[in-house]
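The values are calculated or read from the model by the stated rules, or taken from the named source; none is laboratory data. Everything quoted here is computed from the prediction, not taken from an experiment. Don't worry about glycine lacking a Cβ; one is built from the backbone with ideal geometry, like all the others, and counts go over all protein chains shown. SASA here: full protein model, heavy atoms, side chains in, ligands and nucleic acids out. Shrake-Rupley method; radii C 1.70, N 1.55, O 1.52, S 1.80 Å.
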Amino acid sequence: MTRDEVKELVNNVLIEEFEKNEDELKEDASLFDDLELDSLDGIDLIVALEKAVKSKTGKETKIDEEKAKSLKTVGDIYNVIEGLK
(Lines give C-alpha, C1' and ligand atoms only; values in the text may rest on other atoms or scores of the structure.)
Protein backbone atom coordinates (compact mmCIF):
# COMPACT_ATOMS: atom_id res chain seq x y z
CA MET A 1 0.00 0.00 0.00
CA THR A 2 1.13 3.53 -0.70
CA ARG A 3 1.45 6.09 2.11
CA ASP A 4 -1.75 7.79 0.90
CA GLU A 5 -3.64 4.45 0.95
CA VAL A 6 -2.34 3.78 4.47
CA LYS A 7 -3.46 7.24 5.64
CA GLU A 8 -6.91 6.75 4.13
CA LEU A 9 -7.30 3.30 5.71
CA VAL A 10 -6.15 4.43 9.18
CA ASN A 11 -8.17 7.65 9.08
CA ASN A 12 -11.30 5.73 8.03
CA VAL A 13 -10.89 3.37 11.01
CA LEU A 14 -10.49 6.30 13.41
CA ILE A 15 -13.48 8.13 11.92
CA GLU A 16 -15.83 5.13 11.68
CA GLU A 17 -14.86 3.18 14.82
CA PHE A 18 -14.00 6.03 17.19
CA GLU A 19 -16.11 8.89 15.78
CA LYS A 20 -13.12 11.19 15.27
CA ASN A 21 -13.21 14.15 12.90
CA GLU A 22 -10.88 14.15 9.91
CA ASP A 23 -9.41 17.52 10.94
CA GLU A 24 -8.21 15.91 14.23
CA LEU A 25 -6.16 13.30 12.38
CA LYS A 26 -2.78 14.95 12.00
CA GLU A 27 0.42 12.88 11.99
CA ASP A 28 1.58 14.37 15.30
CA ALA A 29 -1.82 14.00 17.04
CA SER A 30 -1.44 12.02 20.27
CA LEU A 31 -3.78 9.04 20.41
CA PHE A 32 -4.34 9.45 24.13
CA ASP A 33 -4.08 13.21 24.71
CA ASP A 34 -5.43 14.72 21.48
CA LEU A 35 -7.82 11.97 20.36
CA GLU A 36 -8.73 10.97 23.93
CA LEU A 37 -8.44 7.22 23.36
CA ASP A 38 -7.95 5.01 26.41
CA SER A 39 -6.18 1.67 26.80
CA LEU A 40 -9.29 -0.32 25.82
CA ASP A 41 -9.69 1.86 22.74
CA GLY A 42 -6.06 1.04 21.93
CA ILE A 43 -6.86 -2.67 21.85
CA ASP A 44 -9.98 -2.06 19.76
CA LEU A 45 -7.91 0.11 17.42
CA ILE A 46 -5.37 -2.67 16.79
CA VAL A 47 -8.16 -5.18 16.05
CA ALA A 48 -9.94 -2.72 13.74
CA LEU A 49 -6.70 -1.91 11.90
CA GLU A 50 -5.90 -5.62 11.39
CA LYS A 51 -9.41 -6.19 9.98
CA ALA A 52 -9.14 -3.13 7.72
CA VAL A 53 -5.75 -4.21 6.37
CA LYS A 54 -7.08 -7.73 5.75
CA SER A 55 -10.09 -6.41 3.85
CA LYS A 56 -7.87 -4.10 1.79
CA THR A 57 -5.09 -6.60 0.99
CA GLY A 58 -6.80 -9.97 1.42
CA LYS A 59 -3.97 -11.06 3.73
CA GLU A 60 -4.24 -11.98 7.40
CA THR A 61 -2.21 -9.38 9.26
CA LYS A 62 -1.08 -9.13 12.86
CA ILE A 63 0.46 -6.10 14.52
CA ASP A 64 2.91 -7.46 17.07
CA GLU A 65 2.54 -6.46 20.69
CA GLU A 66 5.75 -4.43 20.90
CA LYS A 67 4.75 -2.32 17.89
CA ALA A 68 1.25 -1.90 19.29
CA LYS A 69 2.65 -0.66 22.60
CA SER A 70 4.85 1.87 20.78
CA LEU A 71 1.92 3.61 19.06
CA LYS A 72 1.65 7.12 20.48
CA THR A 73 0.59 9.27 17.50
CA VAL A 74 -1.45 8.94 14.34
CA GLY A 75 1.84 9.08 12.39
CA ASP A 76 3.13 6.08 14.38
CA ILE A 77 0.12 4.10 13.16
CA TYR A 78 0.80 5.12 9.55
CA ASN A 79 4.41 3.95 9.89
CA VAL A 80 3.51 0.57 11.42
CA ILE A 81 0.81 -0.16 8.83
CA GLU A 82 3.08 0.96 6.01
CA GLY A 83 5.77 -1.42 7.33
CA LEU A 84 3.51 -4.49 7.30
CA LYS A 85 4.35 -6.99 4.60
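Tabulated results
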quantity	calculated
Candidates Asp28, Asp44, Asp64: whichever shows maximal mean-square fluctuation once the chain is modelled as a Gaussian network with Cα springs under 10 Å	Asp64
Of all accessible heavy-atom area on the chain, the percent that carbon and sulfur account for (1.4 Å)	45
Å² of accessible area per residue within the chain, as computed with a 1.4 Å probe and no ligands counted	64
Relative contact order of the chain, pairs being alpha-carbon contacts under 8 Å that are 6 or more residues apart, as %	40
CD proxy at 222 nm, helix term only [per DSSP H run n ≥ 4: -39500 (n - 2.57); per residue of the chain; nearest 500]	-19000 deg cm²/dmol
Global form of region 1-51, assessed from the alpha-carbon gyration tensor, a/c cut-off 1.5	oblate
Unsatisfied cross-links (Cα-Cα over 21 Å) in the set Lys7/Lys56; Lys20/Lys67; Lys26/Lys62; Lys20/Lys62; Lys7/Lys54	Lys20/Lys67; Lys26/Lys62; Lys20/Lys62
Taking the C-alpha atoms of the chain, convex hull volume expressed per residue in Å³	82
Residue list for region 57-72, given a label point 7 angstrom along the Cα-to-Cβ vector of Glu5 and an amide N cut-off under 15 Å	57-61
Of Leu35, Ile81, Leu14, farthest towards positive along the dipole that unit charges on Lys, Arg, Asp, Glu beta carbons give the chain	Ile81
About the Cα centre, charge dipole magnitude for the chain (Lys/Arg +1, Asp/Glu -1 at Cβ), debye	600
Gain in span if fully extended, Ile15 to Asp64, counting 0.36 nm per residue against the direct Cα distance	15.3 nm
